[in-house]
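Comments concern the structure below.
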Amino acid sequence: MLRTIGRARALHAPPAEASLLASALLGCGGSGGPALPVRASLLALLAIAFATGLTHAATSTPPPRIQFVAAISIDYASGKPLRGWENTCRIVQASLSEWQGAPMTQLVVRNPAPAGLRQLLRQLPGPETGTFQVIYLAARHTPEGAWKFTQALDGTASWDDLLQHPPPAHAGRLVILDVCHAGVVVDQPVWQHNLAPAATLLASARDELTYEFDFSNCQPIDLSARYPAATAWLRRNLPQDWDGRLSNLGLAWAIAFQQTLQPPQSLRDWQVFFGCCENEAGRLRKMLGTKYASTVSQSPPGPR
Amino acid sequence: MKTNCGMLVVTMASLLTVSSVMARPDDPVADKIVDVSADNPGNLYLTEMREGAQNVITLLEKNQAAHAADENLWFHSRSVYSEYTYTDSRDERLGGFTSEGREGTVGLNFLTICDVAVSLMGTYGQIASDTRVPGEHNVDNGDNYGLTLTVAKNCDWLLFGASAGYDRGYFRTRTPNDGIFKLEPDAFTVAPFVGVMYVNGNFSFSSVPAYMFTWIDQDYDSTGPTSSDDHNNQETFVWMNTVNYNLCEKLGVGVVADWNRLTHYKKNMEAVGDREWLTVGPKLSYQFTPAWAAYASITKDLNSGTYKTWQAIGGLNYGF
């Protein structure tokens, strides 16, 4: 509850003030005076939060509007379905909703055909629909940079083909490319000029595969034991019959989300968050080795 | 899981049978050795086939995670392993052999296109045997080299595949009348299999029947009056069952229970003892890191009236 209160105040009051008041009342660090008894502290905090809310109502800054768009190819005619990626799409949605704190504009397309994906990308909205446009893309992906569709007859389509008609420009367009060989798009002009994302989170380097993890199996590592907070959050935000599968990037996102108390307010904040995802994925890669974990990176490189 | 030693013992016993046909010695002890020879003649090749099948089954069980790449990956989910096997086998019949076998194996396991599992393994074994006849003993020793290729694929719970192997042996046997027999068998095996596998979280189970065809060309030479060769064809049905459970991040346990039946063998081996038997035992795995793991198992042949065989295996596996 305190964490939720803290987060709500963070949205509507300068962070320094919120932390100073909290530490003063609860005696948990900072430069405040002696701590009050717990119940009195909570009542005092609630009273101050209410008063602060009234005081700042006229001048509080609403959170940036986020629009979420996703295209995921899951049910391939041969080979394993990409259930882990479907679950990652859900938790990205859930995390954005939690940050938004209000209904969010979202569009999720499952198993698109080539024409449908082209249309989706061509008709991405402009900046009038949201400060940030988060696009999650997941499918089987070739080393040359082509999207593989679920229907065998549809084959593959390159990004040159899919993005030949560029969508309206959006300064807050953020793309999450959760595929194998994701890094190959960095050097593709059509990606930089036509889609023109402000930042791209890539699930793998150009020569890497990216796998899903299985929380229901304690080997090769026991993810539930090593990341209890992330696991609990995943169980709350995924269906009850969740099979334990999540993509490599999805796990890095979930862990980074747990560590991010302030929702991103600016493009720099998003780059910092993507950097957090990079770092968590790097730790996973150190633990698991290159056989199981891929290199998550962002393009352009984030702030140090 | 191998009972390599058992097969080598049988191979040498086969030698005595064949030699006795060609130049039967007038020796009651040797006669007895011949009469009790050639037991379970498919064991060596059977156990190599069984290990290859278990390698691909384990590979398919452990690689349930999907990846977001095009299916045409030729060489992924790779691992190499080395293994040491010790076998103790005793023929309980009068004049039967007591054998000790030591075998080293190196292997490569990987997935190829359409997630077909492949296991390639090479083996080298040495065996030393002695008969337990009062007042007499025959010493046998030999080397065996083997190469086995196994492929398999699963479609959900259904699993199918095949194994093919080649073995070359060099055995020397001294008989009671001071004859020395050299046996150098070439063996080819083919074993198709179809079964089921089930994986749910930390639990995995497989039940896979296989039918193995073995063709053995036995070139032998002796200090006796003649040398010759012989052919020995066998067919064996084996039903392989394995259960595994990951106790924690580091430790896994399992049980093996295989039922074996020799369905066809050469007619002059009418003294065949065990025609069907059960091989059971526990196994343990320890994962040092996600890449490195060690494993060990002990199996014993049950319901085998003639041969009392147990086997210990230890190995190291590296995934890359």
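Going through the stretch B:201-212 one residue at a time, which ones are in a strand (DSSP E or B), crowded, with 17+ Cβ neighbours inside 10 Å and without any contact (Cβ under 8 Å) to a residue 60 or more places away in the chain? Full working, then the answer.
As a first pass, look at the stretch B:201-212 and keep what is in a strand (DSSP E or B): B:203-212.
Next, from what is left, pick out any that are crowded, with 17+ Cβ neighbours inside 10 Å: B:204-206, B:208, B:210, B:212.
Correct list: B:205 only.
In the stretch A:187-205, is there at least one residue being under 23 Å from residue A:70 (Cα atoms), polar (S, T, N, Q), within 15 Å of the chain's Cα centre (by Cα) and not in a strand (DSSP E or B)?
No, the stretch A:187-205 contains no residue that is under 23 Å from residue A:70 (Cα atoms), polar (S, T, N, Q), within 15 Å of the chain's Cα centre (by Cα) and not in a strand (DSSP E or B).
Filter the stretch B:76-101 for residues that are surrounded by fewer than 19 Cβ atoms within 10 Å (Cβ to Cβ), under 21 Å from the mean Cα position of the chain (by Cα) and closer than 30 Å to residue A:180 by Cα and give the result.
B:80
Restricting the stretch B:286-305 to residues that are surrounded by fewer than 19 Cβ atoms within 10 Å (Cβ to Cβ) and not in a strand (DSSP E or B), which is farthest from the other protein chains (Cβ to nearest Cβ)?
Of the residues in the stretch B:286-305, the ones surrounded by fewer than 19 Cβ atoms within 10 Å (Cβ to Cβ) are B:286, B:288-292, B:294, B:296, B:298, B:300, B:302-303, B:305.
Now drop any that are not not in a strand (DSSP E or B), which leaves B:288-291, B:303, B:305.
Working: B:288: 11, B:289: 7, B:290: 4, B:291: 5, B:303: 34, B:305: 40 Å.
The qualifying residue farthest from the other protein chains (Cβ to nearest Cβ) is B:305.
Kindly evaluate residue A:207 against the criterion of being in contact (Cβ under 8 Å) with a residue 24 or more places away in the chain and more than 8 Å from chain B (Cβ to nearest Cβ). Can you show your working first?
Working: in contact (Cβ under 8 Å) with a residue 24 or more places away in the chain: yes; more than 8 Å from chain B (Cβ to nearest Cβ): yes.
It is true that residue A:207 is in contact (Cβ under 8 Å) with a residue 24 or more places away in the chain and more than 8 Å from chain B (Cβ to nearest Cβ).
Residue by residue, here is whether (1) farther than 30 Å from residue A:220 by Cβ; (2) assigned to a strand (DSSP E or B); (3) among the charged types (D, E, K, R) holds:
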| site | (1), (2), (3) |
| --- | --- |
| B:64 | no, no, no |
| B:82 | no, yes, no |
| B:88 | yes, yes, yes |
| B:105 | no, yes, no |
| B:114 | no, no, no |
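Does the stretch A:110-132 hold any residues that are modelled with pLDDT under 95 and assigned to a strand (DSSP E or B), and which are they?
If the condition is that a residue be modelled with pLDDT under 95 and assigned to a strand (DSSP E or B), then A:132 is the only one that fits.
Report yes if some residue within the stretch A:190-202 is of a type in the set (Gly, Ala, Ser), surrounded by 24 or more Cβ atoms within 10 Å (Cβ to Cβ) and away from every other protein chain (no Cβ under 14 Å); otherwise report no. Give the steps one after another, and end with the answer.
Our first condition is that a residue be of a type in the set (Gly, Ala, Ser); within the stretch A:190-202, this holds for A:196, A:198-199.
Applying the additional criterion that residues be surrounded by 24 or more Cβ atoms within 10 Å (Cβ to Cβ) yields none.
Looking for residues that are of a type in the set (Gly, Ala, Ser), surrounded by 24 or more Cβ atoms within 10 Å (Cβ to Cβ) and away from every other protein chain (no Cβ under 14 Å), one finds none in the stretch A:190-202, hence no.
Could you tell me which of the residues B:243, B:280, B:238, B:256 is modelled with pLDDT of 90 or more and under 30 Å from residue A:226 (Cα atoms)? Can you show your working first?
Numbers: B:280 fails: under 30 Å from residue A:226 (Cα atoms); B:238 fails: under 30 Å from residue A:226 (Cα atoms); B:256 fails: under 30 Å from residue A:226 (Cα atoms).
Checking each option against the conditions leaves just B:243.
Could you list, in sequence order, all residues of the stretch A:141-186 that are part of a loop (DSSP other than H, G, I, E, B), more than 13 Å from every other protein chain (Cβ to nearest Cβ) and closer than 17 Å to residue A:116 by Cβ? Outline the logic, then answer.
Initially, the stretch A:141-186 is screened for residues part of a loop (DSSP other than H, G, I, E, B), giving A:142-145, A:149-151, A:155, A:163-172, A:179-181.
Imposing the further condition that a residue be more than 13 Å from every other protein chain (Cβ to nearest Cβ) reduces the set to A:151, A:163-172.
Selection gives A:151, A:163, A:164, A:165, A:167.
Within the stretch A:263-287, take every residue that is within 14 Å of another protein chain (Cβ to nearest Cβ) and more than 18 Å from residue A:182 (Cβ to Cβ) and give me the one that is surrounded by the most Cβ atoms within 10 Å (Cβ to Cβ).
Of all residues in the stretch A:263-287, those within 14 Å of another protein chain (Cβ to nearest Cβ) come to A:283-287.
Of the ones still in play, those that are also more than 18 Å from residue A:182 (Cβ to Cβ) are A:283, A:286-287.
On the way: A:283: 13, A:286: 10, A:287: 15.
So the residue we want is A:287.
The values are calculated or read from the model by the stated rules, or taken from the named source; none is laboratory data. Quantities reported herein were computed from a predicted structural model and do not represent experimental measurements. FYI the Cβ positions are ideal-geometry reconstructions off the backbone, even for glycines, and counts take in every protein chain you see.
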